[in-house]
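Input: a single structure, listed below in structure tokens.
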Amino acid sequence: MSTHAAARVAAPTRREQILREAARLFAERGFHGVGVDEIGAAVGISGPGLYRHFPGKDAMLAELLVGISERLLEGGRLRVAEDAARGGDSPDALLDALIEGHIDFALDDRPLITLHDRELDRLRDTDRKRVRRLQREYVEVWVGVVRARYPALAENRARVTVHAVFGLLNSTPHLARPEALPGRAATAALLHRLARGAFAAAEPS
């Protein structure tokens with residue numbers, strides 16, 4: 001594939017641009033603090049033009065929160081499947097892969113973490129339940145991997161530890177402004193060590 005063709009494939013769609021800017025604005029000013037016209041201006045179209053892509057702000061919020069929950073679950077399952085295809089004989093490497101994937105989310109999708117914390121209750125009941133179900137399934141992917149690496153860790157203890165590690169990794173929006181953090185690679189490496197340390201600390205002595 002040529003460089004130009006690759007760029008065309010990688011370029012975000014207008015719908016993806018709208019969602020990215022909506023996430024940023026919602027996280028900065030709150031769901032009710034942002035108007036449709038402002039989201040449109042951020043992507044270079046009129047506010048009413050957004051309605052060709054979304055029926056309203058509620059639909060954008062739902063797609064953002066349901067979408068990231070789906071992507072995290074799919075990513076976790078994919079890593080488990082890839083490990084199984086290689087023989088499934090490296091639980092350390094699989095746990096590292098899960099941690100790395102979640103760190104990518106925590107560092108690259110900080111507005112979505114803020115949105116989840118602040119705006120989840122604004123979703124329709126069906127969408128909120130869907131997000132919660134996807135999150136529970138994602139946790140269970142991790143619980144299985146953690147217990148494969150630490151067989152002596154009881155299931156309930158593993159689940160508590162997974163939730164604690166998510167809290168640690170998802171704290172990135174609250175740490176500081178992005179430019180005030182260490183470089184991305186250094187931050188990712190530190191978060192990875194902290195996550196592995198938490199799992200090791202949970203193992204019965």
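Screening LEU112 with (1) touching a residue at least 40 places away in the same chain (Cβ under 8 Å); (2) hydrophobic (A, V, I, L, M, F, W, C); (3) in contact with an Asp or Glu (Cβ under 6 Å, 6 or more places away or on another chain) gives one miss only, at (3).
The set of residues from the stretch 22-42 being open to solvent by less than 20 Å² (accessible area, probe 1.4 Å) and assigned to a helix (DSSP H, G or I) comprises ALA22, ALA23, LEU25, PHE26, ALA27, PHE31, ILE39, GLY40. Please verify whether LEU78 is of a type outside the set (D, E, K, R) and open to solvent by less than 30 Å² (accessible area, probe 1.4 Å), treating the condition exactly as stated. It is false that LEU78 is of a type outside the set (D, E, K, R) and open to solvent by less than 30 Å² (accessible area, probe 1.4 Å).
Applying the selection to the stretch 78-92, what residues are within 18 Å of the chain's Cα centre (by Cα) and either outside any helix (DSSP H, G or I) or charged (D, E, K, R) (or both)? Residue satisfying the conditions is ARG79 alone.
In the stretch 118-175, counting only helices (runs of 4 or more DSSP H) that sit wholly within it, the ones holding 2 or more residues that are at pLDDT below 95 and loosely packed, with under 13 Cβ neighbours inside 10 Å span 172-175.
Do you know which of the residues in the stretch 44-71 that are of a type in the set (A, V, I, L, M), in a helix (DSSP H, G or I) and surrounded by fewer than 19 Cβ atoms within 10 Å (Cβ to Cβ) is modelled with the lowest pLDDT?
Here is the first cut: in the stretch 44-71, the residues of a type in the set (A, V, I, L, M) are 45, 50, 59-62, 64-66, 68.
Then drop every residue that is not in a helix (DSSP H, G or I), which leaves 50, 59-62, 64-66, 68.
With the extra rule that they be surrounded by fewer than 19 Cβ atoms within 10 Å (Cβ to Cβ), the set shrinks to 59, 66.
Values: ALA59: 94, VAL66: 97.
If we take residues in the stretch 44-71 being of a type in the set (A, V, I, L, M), in a helix (DSSP H, G or I) and surrounded by fewer than 19 Cβ atoms within 10 Å (Cβ to Cβ), then ALA59 is modelled with the lowest pLDDT.
With LEU95, LEU107 as the choices, which residue is modelled with pLDDT under 95 and in a helix (DSSP H, G or I)? Give the derivation first.
On the way: LEU95 fails: modelled with pLDDT under 95.
Answer to the check: LEU107.
The values are calculated or read from the model by the stated rules, or taken from the named source; none is laboratory data. These numbers come from a predicted model, not from an experiment. Glycine gets a Cβ as well: all are built from the backbone with ideal geometry, and neighbour counts include every protein chain shown. What goes into the accessible areas is simple: the full protein's heavy atoms, side chains included, and nothing from ligands, DNA or RNA. Shrake-Rupley method; radii C 1.70, N 1.55, O 1.52, S 1.80 Å.
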